[in-house]
Amino acid sequence: MKEKVENLDWNNLGFNYHDLPYSFTAKFFDGQWHAGELTEKSTIELSEAAEVFHYGQEVFEGLKAYRRKDGKINLFRPELNAQRLADSAARLGMEPYPIDAFVESVKTIVKANEQFVPPYESGATLYIRPFMIGTTRVVGVSPATEYTYHVYATPVGAYVNGLIPAPYTVSEYDRAAHAGTGRAKTSGNYASSLIASAQAHQDGYADCLFLDPREHKYIDEFGGANFFGITKEGQFVTPKSASILPSITKRSLLELAERQGLNPVERPIEFSEIDQFAEAGAMGTAAVISPVGSITANGHKHVFYDEKEAGPITTKLYNELIDIQYGDRPAPAGWIQTLE
Ligand SMILES: *Cc1c(COP(=O)(O)O)cnc(C)c1O
């Protein structure tokens, strides 16, 4: 059933699906992408033999529309999501959706569902989920020749007082192989991380950290967010690895950290270095930064800053990026697109 805007409590949205008036859909067949369009249909009908059900050709993105203080709406670097979806698609042998068409589809769906972009004061946002699936009917294994690109949007709550640190543990599972699909935003990586997360929750942790799949020696990332640490000397450090997803939040924080003189670096980080970090966090669109209060592995618990409070550098980076996204402070050139 379609959501009614008057039934929503902007201050208590959580991270749930609401069926909004419009979605966007486009199809690839006969060797080309055909013009996409808004649709009121929020279901997809597929053959039981569709590629996505059997051989997992699926890639997705996640980005947000932010209501500014003046009522206008901001998008944050949507062309980077467009490029990453194309890169993910290429890795899975899929036909990339054109960059310009992606950005246009995001603007179109936000405008069509404008009344569902939460008010500035709530700190809530409209979350946009573009994805692509192989739809060709298959029995034998080969890439699809037909694809559907689809976008839905749903309002999601603020992680208000979002800077509350949480405890983490280290997974014994891998989410992606070394030369596998770790750099692609694809459902399979999530499927393989679900039991690891469930185990972490069961053991009383917010989530788990994955180590590099070859040696289990280096820090890779969390299931849905990249890792950073702030050394005792105040340096911003984040892992370099072949099996982590290139986070746009991470890329943006690296640039802000540079401007703040934090001498940021991307390099392999041995898990044994964990005690060297005074602060740590998880970076991703959903929460921007989730401060890491502690990481427990092999009976050793390392506490960052103060388990109950985010550190000063984490807090400063978080506030700066949030303010940029909402248009409360000037953004580096090209970071913000304000919808007309
Ligand atoms: C989406 C995602 C992230 C975060 O990327 P952002 O572009 O910052 O939202 C990090 N890790 C994984 C595995 C992801 O799927």
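The values are calculated or read from the model by the stated rules, or taken from the named source; none is laboratory data. All values reported here derive from a predicted model rather than from experimental measurement. Cβ atoms come from the backbone with ideal geometry, glycine included; neighbour counts cover every protein chain shown. Side chains are part of the model used for accessible areas, which takes the heavy atoms of the whole protein and leaves out ligands, DNA and RNA. Shrake-Rupley method; radii C 1.70, N 1.55, O 1.52, S 1.80 Å.
Taken about its Cα centre, the chain carries a charge dipole of about 360 debye when Lys and Arg each add +1 at the Cβ and Asp and Glu each add -1 at the Cβ.
Find how much the distance from residue 87 to residue 190 grows on full extension, using 0.36 nm per residue of separation minus their present alpha carbon separation; answer in nm with one decimal. Intermediate values should be presented prior to the final figure.
On the way: separation 103, 0.36 × 103 = 37.08 nm, distance 1.76 nm.
Full extension from residue 87 to residue 190 adds 35.3 nm.
Please tell me the relative contact order of the chain in percent, rounded to the nearest whole number, where contacts are Cα pairs under 8 Å and at least six residues apart.
Once divided by the residue count of the chain, the mean separation gives 18 percent.
As an equivalent ellipsoid, the stretch 6-74 spans semi-axes of 31, 17, 13 angstrom, where each value is the square root of five times an eigenvalue of the C-alpha gyration tensor, largest first.
At a threshold of 8 angstrom on Cα-Cα distance, excluding pairs fewer than six apart, so keeping six or more, what relative contact order does the stretch 210-340 reach in percent? Could the numbers behind the result be given before it?
Values: 205 pairs, mean separation 27.5, N = 131.
Relative CO of the stretch 210-340 lands at 21 percent.
Restriction of the GluC sites (Glu not before Pro) in the stretch 24-55 to DSSP coil positions whose beta-carbon has at most 15 other beta-carbons within 10 angstrom yields 40, 45, 48. Computed packing ranks the peptides 232-241, 288-297 as 288-297, 232-241, most packed first, by mean other Cβ atoms within 10 Å.
Taking 0.36 nm per residue of sequence separation and subtracting the Cα-Cα distance, how much length would be gained by fully extending the chain between residue 316 and residue 17, in nm to one decimal?
On the way: separation 299, 0.36 × 299 = 107.64 nm, distance 3.09 nm.
Gain on extension, residue 316 to residue 17, equals 104.5 nm.
So what does the Cα-only Debye profile of the chain read at q = 0.07, 0.08, 0.14, 0.15 Å⁻¹, as log10 I(q)/I(0), no solvent term? One equal scatterer on each Cα of the chain leads to -0.30, -0.39, -1.21, -1.36.
Taking every alpha-carbon pair under 8 Å whose residues sit at least 6 apart, the stretch 1-67 reaches a relative contact order of 21 percent.
Net charge near residue 147: determine it from the other residues with C-beta under 11 Å of the C-beta of residue 147, scoring Lys and Arg +1 and Asp and Glu -1.
Working: positive: 27; negative: 51, 58, 95, 146.
So the environment of residue 147 carries a net charge of -3.
At a Förster radius of 41 Å, what calculated FRET efficiency corresponds to the Cβ-Cβ distance of residue 99 and residue 300, to the nearest 0.05?
Details: r = 45 Å, r/R0 = 1.10.
Efficiency for this residue pair is about 0.35.
Tell me the mean residue ellipticity at 222 nm calculated for the chain from its helices only (DSSP H runs of n ≥ 4, each -39500 (n - 2.57), averaged over every residue, nearest 500). It would help to have the intermediate numbers written out before the result.
Working: 7 runs with 73 residues, N = 340.
Mean residue ellipticity at 222 nm (helix-derived): -6500 deg cm²/dmol.
Annotation: for a label point projected 7 angstrom from Cα along Cα→Cβ of residue 121, residues of the stretch 149-189 with backbone N closer than 18 Å are 157-161. Across the alpha-carbon atoms of the stretch 166-325, the computed radius of gyration and Dmax are 14.5, 40 angstrom. Each Lys and Arg contributes +1 and each Asp and Glu -1, all at the Cβ; summed about the Cα centre of the stretch 5-156, the dipole is approximately 500 debye.
Under a Cβ-Cβ cut-off of 15 Å, what is the net charge of the residues other than residue 189 that fall near it, where Lys and Arg count +1 and Asp and Glu count -1? After counting each charged neighbour, the total is -3. Inverting the pair-averaged 1/r between distinct Cα atoms of the stretch 5-156 gives 16.2 Å as its Kirkwood hydrodynamic radius.
Taking the stretch 80-232, how much of its Cα-Cα pair set, in percent, is spaced more than 28 angstrom apart? List each step's numbers first, then the result.
Values: 4315 of 11628 pairs.
Percent of Cα pairs beyond 28 Å in the stretch 80-232: 37.
Would you list 251, 259, 67 from the most to the least accessible area, probe 1.4 Å? Please report the intermediate quantities before stating the final value.
On the way: 251 120, 259 140, 67 35 Å².
Correct descending sequence by accessible area is 259, 251, 67.
Between residue 166 and residue 251, full extension at 0.36 nm per residue minus the direct alpha carbon distance yields a gain of 28.3 nm. Label-to-label distance for residue 9 and residue 41 is 3.5 nm, based on points extended 7 Å past Cα in the beta-carbon direction.
Could you please report the charge total around residue 89, scoring K, R as +1 and D, E as -1 over all other residues with beta-carbon less than 15 angstrom from its beta-carbon? Walk me through the intermediate numbers first.
Working: positive: 27, 84, 91, 183, 185; negative: 51, 58, 61, 87, 95, 146.
Once all neighbours under 15 Å are counted, the net charge is -1.
Please list, in order, the residues from the stretch 157-179 whose amide nitrogen is less than 16 Å from a point placed 7 Å along the Cα→Cβ vector of residue 203. Those under the cut-off are 167-175.
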